[in-house]
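Colleague: Sharing a structure here in structure tokens format.
The values are calculated or read from the model by the stated rules, or taken from the named source; none is laboratory data. Computed from a predicted structure; not experimentally measured. Every residue, glycine as well, gets a Cβ built from its backbone with ideal geometry; the counts of neighbours run over all protein chains shown.
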Amino acid sequence: TSVVGNLKPLAGLKLMLTAGPTREALDPVRFLSNHSSGKMGFALAEAAVQLGASVTLVSGPVALSTPSGVKRIDVESATQMQAAVMEDIDEQHIFIACAAVADYAPKVIAEHKIKKTSSDTLIIELVKNPDIVAGVAALENKPFTVGFAAETQDLEIYARDKLSRKNLDMIAANNVALAGQGFNSDNNALSVFWPNGQQALTLAPKHELAHHLLTLIADRYYDSH
Ligand code: CTP
Ligand code: CA
């Protein structure tokens, strides 16, 4: 069944997204993070509501207002993001991992502000964070699971590797080395891959791209259900 032409292809479906960066605390006043703005995830959340879905948005710290009709859960660290996702994942039909999750977090969070010492170097030990989307895709009753991949080279190779390694149903890859797309940009272009197909979504404002990607997700979802 194709959903092309259906104005509400996500009607009756529960959809959860992660968005934004995570913050990994070093001490009470410092953290490790990244430049993710959350714009793509928030655009997807807004578009998913417009396409009829019931939407839960688990967001790291971002400077964006909550799209109308979206249930938003704010978190800081990757561990908190995973806990919020797992709390409600059993009810979801579709999960989209848009967040730029920190791959590592400081092994210990200092109880007090770390003081500058006489040494010219400081070594901080990091431990790997849980992989949130891989954890969702490993569930027995997993939702249709979509990942993102921001790459600077060999887009298809890295994206397809993540698709199979994390057991995803679909991955949306963008080349963040190209000007005017990705991280803090208002526009984006995506190469979307699934196990037996692919589609290019050309450069467009993030809200427009969000509609195209969600229509494709609905199409693939109904193809597999
Ligand atoms: N992701 C996640 N939890 C993590 C790391 C990544 O859920 N701890 C998700 C992202 O939200 C994204 C996908 O996994 O949907 C791919 O993220 P990416 O950083 O590209 O993949 P990694 O496996 O971390 O590989 P690398 O950073 O080495 O490219
Ligand atoms: Ca990563």
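Colleague: Count, please, the residues in segment 199-225 that happen to be of a type in the set (S, T, N, Q) and in contact (Cβ under 8 Å) with a residue 40 or more places away in the chain.
Modeller: Taking segment 199-225 as the starting set, the residues that turn out to be of a type in the set (S, T, N, Q) are 199, 202, 215, 224.
Add one more test, that the residue is in contact (Cβ under 8 Å) with a residue 40 or more places away in the chain, and what stays is 215, 224.
Within segment 199-225, residues that are of a type in the set (S, T, N, Q) and in contact (Cβ under 8 Å) with a residue 40 or more places away in the chain number 2.
Colleague: Here's another thing I want to ask about it. So LEU178 passes all but one of these: (1) under 16 Å from LEU201 (Cα atoms); (2) modelled with pLDDT of 95 or more; (3) aliphatic (A, V, I, L, M). Which condition number does it fail?
Modeller: For LEU178, the failing item is (2).
Colleague: Looking at LEU126, LEU139, LEU122, which one is in contact with a strand residue (DSSP E or B) (Cβ under 7 Å, 6 or more places away or on another chain) and surrounded by fewer than 22 Cβ atoms within 10 Å (Cβ to Cβ)? Can you show your working first?
Modeller: Working: LEU139 fails: in contact with a strand residue (DSSP E or B) (Cβ under 7 Å, 6 or more places away or on another chain); LEU122 fails: in contact with a strand residue (DSSP E or B) (Cβ under 7 Å, 6 or more places away or on another chain).
Result: LEU126 is the single residue among LEU126, LEU139, LEU122 that is in contact with a strand residue (DSSP E or B) (Cβ under 7 Å, 6 or more places away or on another chain) and surrounded by fewer than 22 Cβ atoms within 10 Å (Cβ to Cβ).
Colleague: Another question, if that's okay. Pull out all pairs, ordered by first then second residue, where Cβ-Cβ is under 8 Å, the residues are six or more apart or on different chains, the first lies in segment 145-158 and is under 29 Å from GLN92 (Cα atoms), and the second is in a helix (DSSP H, G or I) and more than 7 Å from ligand 1 (Cβ to nearest atom).
Modeller: Within 8 Å, the pairs are THR145/VAL136; THR145/ALA137; VAL146/ILE217; GLY147/LEU163; PHE148/MET40; ALA149/LEU155; ALA149/ALA159; GLU151/ALA159.
Colleague: Within segment 91-114, track down each residue that is of a type in the set (D, E, K, R) and more than 16 Å from ligand 2 (Cβ to nearest atom). Please lay out each step first, then the result.
Modeller: Applying the first criterion (of a type in the set (D, E, K, R)) to segment 91-114 yields 91, 103, 107, 111, 113.
GLU91, LYS107, GLU111, LYS113, listed by residue number.
Colleague: Across segment 146-167, what is the total count of residues that are away from ligand 2 (no atom under 14 Å from the Cβ) and more than 16 Å from LEU203 (Cβ to Cβ)?
Modeller: If we filter segment 146-167 for residues that are away from ligand 2 (no atom under 14 Å from the Cβ), which is where we start, we get 146, 153-157, 160, 163-164, 167.
If we keep only those that are more than 16 Å from LEU203 (Cβ to Cβ) as well, we get 146, 153-154, 156-157, 160, 163-164, 167.
The total comes to 9.
Colleague: Kindly establish whether ILE132 is over 21 Å from MET40 (Cα atoms), within 16 Å of ligand 1 (Cβ to nearest atom), under 20 Å from the mean Cα position of the chain (by Cα) and among the β-branched types (Val, Ile, Thr). Don't jump to the end; show me each part of the working.
Modeller: Working: over 21 Å from MET40 (Cα atoms): no; within 16 Å of ligand 1 (Cβ to nearest atom): yes; under 20 Å from the mean Cα position of the chain (by Cα): yes; among the β-branched types (Val, Ile, Thr): yes.
Here the answer is no, as ILE132 does not meet what is asked.
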